[in-house]
Amino acid sequence: MKTSLKTISLLLALVLSAASLSACHTVKGAGKDIERAGEEIQKASDDVRK
């Protein structure tokens, strides 16, 4: 069974593209969670100062 370098390169590019797209959504979600946590910390800090 012969597999050409072109086929392997294409498959690798597809796998890396899919991985980077899914990671993008993961990082975006993590950013929202971190932002929400920061807002809650700021809110708690404001409550303590009052």
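The values are calculated or read from the model by the stated rules, or taken from the named source; none is laboratory data. From a predicted model like this one, the values you see are computed outputs, not experimental measurements. Positions of Cβ are backbone-derived with ideal geometry, glycine not excepted, and every protein chain shown enters the neighbour counts.
Being at pLDDT 85 or above, exposed (fewer than 10 other Cβ atoms within 10 Å of the Cβ) and not β-branched (Val, Ile, Thr) narrows it down to one residue among SER45, SER20; which is it? Don't jump to the end; show me each part of the working.
Values: SER20 fails: at pLDDT 85 or above.
Testing whether each residue is at pLDDT 85 or above, exposed (fewer than 10 other Cβ atoms within 10 Å of the Cβ) and not β-branched (Val, Ile, Thr) leaves just SER45.
Filter region 1-17 for residues that are surrounded by fewer than 10 Cβ atoms within 10 Å (Cβ to Cβ) and of a type in the set (A, V, I, L, M, F, W, C); which is nearest to the chain's Cα centre (by Cα)? Can you show your working first?
Going residue by residue through region 1-17, those that are surrounded by fewer than 10 Cβ atoms within 10 Å (Cβ to Cβ) are 1-6.
Retained after the next criterion (residues that are of a type in the set (A, V, I, L, M, F, W, C)): 1, 5.
Working: MET1: 37, LEU5: 30 Å.
The extreme case among them is LEU5.
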